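Q: Have a look at this one.
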């Protein structure tokens with residue numbers, strides 16, 4: 001999304017009719033939790049997440065004319081993720097980009113037996129860390145799928161990527177993370 | 001289908017995003033191939049770990065309130081709503097009067113109410129708790145037609161719920177609370193960056209507005225027309241008293 005021109009932090013002009021305000025309140029505002037959650041996982045910083053959602057909400061208000069009323073959540077989320085990606089581009093100088101290898105693991109190293117409980121606790125930590133290290137587009141797809149329960153079509157709508165890309169991002173992210181899980185605490189790197 | 005094709009399709013299979021034919025083929029293959037079945041089990045386990053281990057982060061109430069306020073501020077005044085907006089202009093003039101008169105009046109009234117300290121203290125604790133635990137509201141809505149019915153069945157009275165957006169005090173939501181062991185309605189309003197908790201319960205005797213300060217928070221109490229109100233906020237006491245007057249509808 002192009003972003004030049006005036007900063008989006010200025011308070012919006014009086015762009016909403018009272019009826020639009022009602023629609024905005026009923027169709028878009030209920031998805032602020034989803035918006036914030038996504039921003040938290042993309043940016044990994046609560047303050048930046050709040051800024052991003054705030055900025056996205058202002059854009060949403062300003063461009064509410066463009067909302068056709070089909071899916072308020074996907075519409076808001078796509079604005080939020082664009083705000084997040086703008087922040088990320090500004091933030092990083094190449095340091096955020098992590099190339100990730102799909103761990104090639106043998107099929108026999110499954111954890112099972114009496115250590116299963118401990119393994120489980122460790123697994124949560126490993127997966128959280130693994131998720132945090134994923135390139136942001138892959139993290140985004142997983143969060144939208146697993147935490148938000150969006151379909152591939154909806155994820156494509158939010159991210160602007162073709163459905164095939166969504167599918168392969170999810171597959172790669174999962175293969176990587178289940179590799180991290182299977183490799184155990186030492187093998188993540 | 002060969003193992004390689006199946007492994008490529010495990011992720012969309014897990015998501016139920018394969019077409020029916022491919023989905024059946026993968027299922028059939030998994031029944032007969034332990035290697036692929038193990039890989040699929042790993043993906044299922046990963047999903048479980050993600051869904052249980054990853055926290056879903058809710059938007060902070062203040063962010064929600066701020067966005068709501070901006071949306072309200074972006075509403076065009078229309079012919080129909082003008083009559084509604086105008087009385088508040090009158091209120092803002094009145095506010096100046098209240099501010100001047102109120103300054104002196106607040107100081108005196110603060111000394112008149114030592115016996116209600118316990119209640120004020122409790123109200124302030126509840127206010128602080130509501131901000132800290134990020135449990136500001138049980139029902140989050142600016143729509144009084146949503147908030148008011150929400151209390152029905154939870155309280156044995158119906159608190160008056162009004163939105164004062166036009167005067168700069170948008171409704172944020174409501175919550176059940178208790179003061180001195182009685183259940184009360186907590187209505188949450190916002191004015192600029194300040195959150196205002198308004199505790200409401202039935203009270204037959206009218207009571208003139210009194211103000212106090214507890215742990216740096218301002219507390220304004222009044223009772224009028226069958227309801228008692230206790231407002232707590234870090235908003236300055238003059239504005240808070242003015243807002244109390246709007247809420248209670250008490251004449252000057």
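Q: Can you find a residue that is touching a residue at least 40 places away in the same chain (Cβ under 8 Å), in contact with a helix residue (DSSP H, G or I) (Cβ under 9 Å, 6 or more places away or on another chain), assigned to a helix (DSSP H, G or I) and over 17 Å from residue A:148 (Cβ atoms) anywhere in region A:12-21?
A: Checked region A:12-21: at least one residue is touching a residue at least 40 places away in the same chain (Cβ under 8 Å), in contact with a helix residue (DSSP H, G or I) (Cβ under 9 Å, 6 or more places away or on another chain), assigned to a helix (DSSP H, G or I) and over 17 Å from residue A:148 (Cβ atoms).
Q: Let me ask you something else. Being under 17 Å from the mean Cα position of the chain (by Cα) and modelled with pLDDT under 90 narrows it down to one residue among B:198, B:165; which is it?
A: B:165
Q: Can you spot a residue in region B:30-50 that is touching a helix residue (DSSP H, G or I) at 6+ places or on another chain (Cβ under 9 Å), under 30 Å from residue A:132 (Cα atoms) and at pLDDT below 85?
A: Scanning region B:30-50 turns up no residue that is touching a helix residue (DSSP H, G or I) at 6+ places or on another chain (Cβ under 9 Å), under 30 Å from residue A:132 (Cα atoms) and at pLDDT below 85.
Q: Would you tally the residues in region A:131-169 being in contact (Cβ under 8 Å) with a residue 24 or more places away in the chain, assigned to a helix (DSSP H, G or I), within 13 Å of chain B (Cβ to nearest Cβ) and under 12 Å from the mean Cα position of the chain (by Cα)?
A: Residues meeting the conditions: 10.
Q: Taking region A:26-42, which residues are more than 13 Å from residue B:59 (Cβ to Cβ) and surrounded by fewer than 22 Cβ atoms within 10 Å (Cβ to Cβ)?
A: A:26, A:27
Q: What number goes with the only condition from (1) within 8 Å of chain B (Cβ to nearest Cβ); (2) modelled with pLDDT of 95 or more that residue A:80 does not pass?
A: Of the numbered conditions (1) within 8 Å of chain B (Cβ to nearest Cβ); (2) modelled with pLDDT of 95 or more, the odd one out for residue A:80 is (1).
Q: Moving on. So which of A:40, A:25 is at the interface with another protein chain (Cβ under 9 Å from one of its Cβ atoms), modelled with pLDDT under 85 and part of a helix (DSSP H, G or I)?
A: Within the list A:40, A:25, the selection yields A:25.
Q: Still on this structure: Among the listed residues B:184, B:198, which satisfies the condition of being in a strand (DSSP E or B) and out of contact with any helix residue (DSSP H, G or I) (no Cβ under 8 Å at 6 or more places or on another chain)?
A: Answer to the selection: B:184.
Q: Against the condition surrounded by fewer than 16 Cβ atoms within 10 Å (Cβ to Cβ), in contact (Cβ under 8 Å) with a residue 12 or more places away in the chain, in contact with a helix residue (DSSP H, G or I) (Cβ under 9 Å, 6 or more places away or on another chain) and more than 7 Å from chain A (Cβ to nearest Cβ), how does residue B:3 come out, does it pass?
A: Numbers: surrounded by fewer than 16 Cβ atoms within 10 Å (Cβ to Cβ): yes; in contact (Cβ under 8 Å) with a residue 12 or more places away in the chain: yes; in contact with a helix residue (DSSP H, G or I) (Cβ under 9 Å, 6 or more places away or on another chain): yes; more than 7 Å from chain A (Cβ to nearest Cβ): yes.
Spelling it out, residue B:3 is indeed surrounded by fewer than 16 Cβ atoms within 10 Å (Cβ to Cβ), in contact (Cβ under 8 Å) with a residue 12 or more places away in the chain, in contact with a helix residue (DSSP H, G or I) (Cβ under 9 Å, 6 or more places away or on another chain) and more than 7 Å from chain A (Cβ to nearest Cβ).
Q: While we're here: Assess whether residue A:165 counts as being outside the structural domain of residue A:42 (by TED's automatic domain parsing), surrounded by fewer than 20 Cβ atoms within 10 Å (Cβ to Cβ) and modelled with pLDDT of 95 or more.
A: Answer is yes for this residue.
Q: Oh, and also: Could you tell me whether residue B:210 is crowded, with 24+ Cβ neighbours inside 10 Å and part of a strand (DSSP E or B)?
A: Values: crowded, with 24+ Cβ neighbours inside 10 Å: no; part of a strand (DSSP E or B): yes.
No; evaluated as a whole, the condition is false for this residue.
Q: Looking at residue B:149 and the list (1) modelled with pLDDT under 65; (2) within 24 Å of the chain's Cα centre (by Cα), which single condition is not satisfied?
A: (1)
Q: Does residue A:65 fit the bill of being surrounded by fewer than 17 Cβ atoms within 10 Å (Cβ to Cβ), more than 26 Å from residue A:128 (Cβ to Cβ) and outside the structural domain of residue A:157 (by TED's automatic domain parsing)?
A: Details: surrounded by fewer than 17 Cβ atoms within 10 Å (Cβ to Cβ): yes; more than 26 Å from residue A:128 (Cβ to Cβ): yes; outside the structural domain of residue A:157 (by TED's automatic domain parsing): yes.
It is true that residue A:65 is surrounded by fewer than 17 Cβ atoms within 10 Å (Cβ to Cβ), more than 26 Å from residue A:128 (Cβ to Cβ) and outside the structural domain of residue A:157 (by TED's automatic domain parsing).
Q: Could you figure out which of (1) assigned to a helix (DSSP H, G or I); (2) within 22 Å of residue B:129 (Cα to Cα) isn't true of residue B:176?
A: Evaluating residue B:176 over (1) assigned to a helix (DSSP H, G or I); (2) within 22 Å of residue B:129 (Cα to Cα) leaves (1) as the failure.
The values are calculated or read from the model by the stated rules, or taken from the named source; none is laboratory data. Everything numeric in this text was worked out from a predicted model, so none of it was measured. Glycine gets a Cβ as well: all are built from the backbone with ideal geometry, and neighbour counts include every protein chain shown.
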